[in-house]
2 protein chains.
Amino acid sequence: MSENLRSATLTPTMDDVARTAGVSRATVSRVLAGTARVAESTEDRVLQAIKQLGYVPNRMAQSLATRSSGLVGLLLRDPRKSAYGLLHSELQQLSDRANLQLITVVPSSTEASAAEKQALQRLLGLRVDGLFVATGVIGPEDLAPFLSVVPVVSVGRPEAHDGVYGVSYDEVAHGHMAADLLLRHGHRDIAVLATAASVSVPESVRAEAIVSRLRERGAAVHRVEATTFGIGAEHSHRIADMVREGTITAVAFPTDDRALDFLTIARKSGLRVPGEVSVIGMDGISPAMAMIGLATVRIPIEAVADRAVTVMGDLLEHRDSLPIRHEKFRGHTVDGPTLGPPPRRKS
Amino acid sequence: MSENLRSATLTPTMDDVARTAGVSRATVSRVLAGTARVAESTEDRVLQAIKQLGYVPNRMAQSLATRSSGLVGLLLRDPRKSAYGLLHSELQQLSDRANLQLITVVPSSTEASAAEKQALQRLLGLRVDGLFVATGVIGPEDLAPFLSVVPVVSVGRPEAHDGVYGVSYDEVAHGHMAADLLLRHGHRDIAVLATAASVSVPESVRAEAIVSRLRERGAAVHRVEATTFGIGAEHSHRIADMVREGTITAVAFPTDDRALDFLTIARKSGLRVPGEVSVIGMDGISPAMAMIGLATVRIPIEAVADRAVTVMGDLLEHRDSLPIRHEKFRGHTVDGPTLGPPPRRKS
DNA sequence: CTGAAAGCGCTTACAG
DNA sequence: CTGAAAGCGCTTACAG
């Protein structure tokens, strides 16, 4: 209590500035806003007073008076993952450049859905002018009540709600790209780690796209089902066995992490990559992967972030005239030393 | 303009709630705060109205009235780096648990110092009650003016200012730990990649600590100076040459990234790890590194985050009674398959 | 247990 | 070019 009073006393207010500059509050406000004309001499006095007092305008009060916070919120899923880290960084920089003040809130991961709702409330309570949602769990039904109040752009996640503008990745195309790259290297017997949709929707979409494209092109596909969330070394061992048995000459993974797990196990057990088996992952984000030289499909995070910020800018300008769409971007394949021609058949 | 008016109209206000519940604004406020006693029947009507209107209290207005935002700001350096990502995630979760509402701002990296000041302003403008600073560039002189207004906890960076509470890593100890682990494995001829302080202060501190501990213990140290910010493959090649010449049997790196670069190059050129050379990195954050099995020193990010949040809580409770300190935490060594005994001398 | 009223720090017509 | 005043959406003594 006394803290507040004290710091309230200590923090200079616009009135303080006005008084020490010998003008009215309105004038200080005008100088700060830079909109109306102010005599140069008074402006100087005001600026001087601001500097002298170390005055920082109270945005809370500004927002209240303007009925607009000038803030754009970002609901971010899991900062520990490089892909979200990069997305965060890109959104931040592009928003800055577009003069949108981005503030980020991360739902604490325990009890996902409740946490996301709470994080959403926090942002809405701050009366953000716009909202980026880069989170998996939150459903359309939680978003819907606020769509009329604040423009929402869903970023990097497949968007189903048609009141929400969506900018995300074309995971089907990515799956096709990975498949095509393996085919181009001459592989016809290929394992695909197929993540269950219950584990991860995007992973599952990628895997199914790989599988169907390979089949379309006449390759023999060996599905290895992944039904656990972790990386599960059994899958890698199973695939290594298939290589030794001569069943497959290549393997595609729906994420770089899973591919890396296989690489590690393959190396330990003396399997040569790409001599005996070619490997491709998907994501292309982690610099560690790049160093290792893992072939992959690079997700277009930068393009998605860029488009999302542009859309948000447009939405903030003229809300109603922009038709809501769900856009998808595709990345590019990254060939690498984990990819080679299939080994010659021994028999 | 008209947007604002419209959404102002659309967003229900406390008055709307009061009106539809047939009570006064004060009563609604009391129900929300949960402090004062309210008759159960009125409380029900109010709750009902809140739900019906989809009312979200305007925190800006609350802050203004309470002179306290209930917010704690986090100034975060670079979300692309896993270490910062993990720190962000930990701070977020622990803050949640401590009932501190964390909001994060990332200075856009172009023109570091100016961007950080701007991000700082944004947070101060929001009148955060406390501030975590996890950023490299911002100097004490920029922080100083606000220390009397808001408690600041510097997290994960060496803190020099004695008005700022510091919670960070004991990088000297980490260097010693890495050195000791190599010695324990029997190595006596060891290369150390020594990053220049101008490139990265923490890296340089780590490297110098490794060097001095090794020398203290009588090992022959071969410094390889790194003066560029990137990972620089030349260093890795130089070290590989030293291995081939039989000059060294082990190498220590001040970061996992740099160690990984060497590992990749070593493998490509047919050097056996740890058969011919043992390798240790530092950080221990990236899951990719764990999979590869890189020996390292794990930085205690969780412990630092935990302590930082505790300190912030205390500071917010009783500002003046908590003496300002600079605490340092140490992590633990992670032995791994990149470490083995030195090879027998051929001659 | 509840309401009328003042006040938090700003902005912005409205006068001058 | 400048100031007095109303109002943004809340909270909180103060009465009752």
Checked the stretch A:33-83 for anything within 25 Å of residue A:310 (Cα to Cα), in a loop (DSSP other than H, G, I, E, B) and touching a Pro at 6+ places or on another chain (Cβ under 8 Å); matches are A:77, A:79
Filter the stretch B:86-103 for residues that are at the interface with another protein chain (Cβ under 8 Å from one of its Cβ atoms) and under 20 Å from residue B:138 (Cβ atoms); the one that is nearest to the chain's Cα centre (by Cα) is B:88
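Could you tell me which of the residues B:144, B:160 is surrounded by fewer than 16 Cβ atoms within 10 Å (Cβ to Cβ), in a loop (DSSP other than H, G, I, E, B) and at pLDDT below 95? Spell out how you get there, then give the answer.
Details: B:144 fails: in a loop (DSSP other than H, G, I, E, B).
It is B:160.
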Across (1) over 30 Å from the mean Cα position of the chain (by Cα); (2) open to solvent by 10 Å² or more (accessible area, probe 1.4 Å); (3) among the hydrophobic types (A, V, I, L, M, F, W, C), residue A:248 clears everything bar (2)
Residue B:214 vs (1) among the aliphatic types (A, V, I, L, M); (2) open to solvent by 10 Å² or more (accessible area, probe 1.4 Å); (3) not assigned by TED's automatic domain parsing to the domain that holds residue B:89: all pass except (2)
Note on the stretch B:250-288: residues in a helix (DSSP H, G or I) and of a type in the set (Phe, Trp, Tyr) are B:262
Out of (1) modelled with pLDDT of 90 or more; (2) surrounded by 18 or more Cβ atoms within 10 Å (Cβ to Cβ); (3) closer than 30 Å to residue B:80 by Cβ, the one residue B:225 does not meet is (2)
All-but-one check, residue A:215 against (1) modelled with pLDDT of 95 or more; (2) part of a strand (DSSP E or B), failing number (2)
* Is one or more of the residues making up the stretch B:39-55 modelled with pLDDT of 85 or more, within 18 Å of residue A:129 (Cβ to Cβ), crowded, with 17+ Cβ neighbours inside 10 Å and away from DNA strand C (no atom under 12 Å from the Cβ)? -> no
Screening A:83, A:98 for residues that are away from DNA strand D (no atom under 11 Å from the Cβ), in the same structural domain as residue A:316 (by TED's automatic domain parsing), open to solvent by 30 Å² or more (accessible area, probe 1.4 Å) and over 28 Å from residue B:59 (Cα atoms) leaves only A:83
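Specify which of the listed residues (B:167, B:149) is in contact with a helix residue (DSSP H, G or I) (Cβ under 7 Å, 6 or more places away or on another chain) and more than 14 Å from every other protein chain (Cβ to nearest Cβ).
Details: B:149 fails: more than 14 Å from every other protein chain (Cβ to nearest Cβ).
Exactly one residue qualifies, and that residue is B:167.
The rows are residues; the columns are (1) within 10 Å of DNA strand D (Cβ to nearest atom); (2) within 11 Å of chain A (Cβ to nearest Cβ); (3) not basic (Lys, Arg).
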{"residue": "B:13", "(1), (2), (3)": "yes, yes, yes"}
{"residue": "B:17", "(1), (2), (3)": "yes, no, yes"}
{"residue": "B:25", "(1), (2), (3)": "yes, no, no"}
{"residue": "B:29", "(1), (2), (3)": "yes, no, yes"}
{"residue": "B:36", "(1), (2), (3)": "yes, no, yes"}
{"residue": "B:39", "(1), (2), (3)": "no, no, yes"}
{"residue": "B:43", "(1), (2), (3)": "no, no, yes"}
{"residue": "B:47", "(1), (2), (3)": "no, no, yes"}
{"residue": "B:57", "(1), (2), (3)": "yes, yes, yes"}
In the stretch A:295-308, anything open to solvent by 10 Å² or more (accessible area, probe 1.4 Å) and either in a loop (DSSP other than H, G, I, E, B) or of a type in the set (A, V, I, L, M, F, W, C) (or both) is listed as A:300, A:303
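Tally up the residues in the stretch B:21-32 that are open to solvent by 40 Å² or more (accessible area, probe 1.4 Å) and either modelled with pLDDT of 90 or more or assigned to a loop (DSSP other than H, G, I, E, B) (or both), please. Walk me through how you get there before you give the answer.
Here is the first cut: in the stretch B:21-32, the ones open to solvent by 40 Å² or more (accessible area, probe 1.4 Å) are B:22, B:24-26, B:29-30, B:32.
Imposing the further condition that a residue be either modelled with pLDDT of 90 or more or assigned to a loop (DSSP other than H, G, I, E, B) (or both) reduces the set to B:22, B:24-26, B:29-30.
Matching residues across the stretch B:21-32 total 6.
The values are calculated or read from the model by the stated rules, or taken from the named source; none is laboratory data. Since we're looking at a predicted model, the values are computed, not measured. When we count neighbours, we look across all protein chains shown, and the Cβ atoms used for this are built from the backbone with ideal geometry, even at glycine. Side chains included, ligands, DNA and RNA excluded: accessible areas come from the protein's heavy atoms. Shrake-Rupley method; radii C 1.70, N 1.55, O 1.52, S 1.80 Å.
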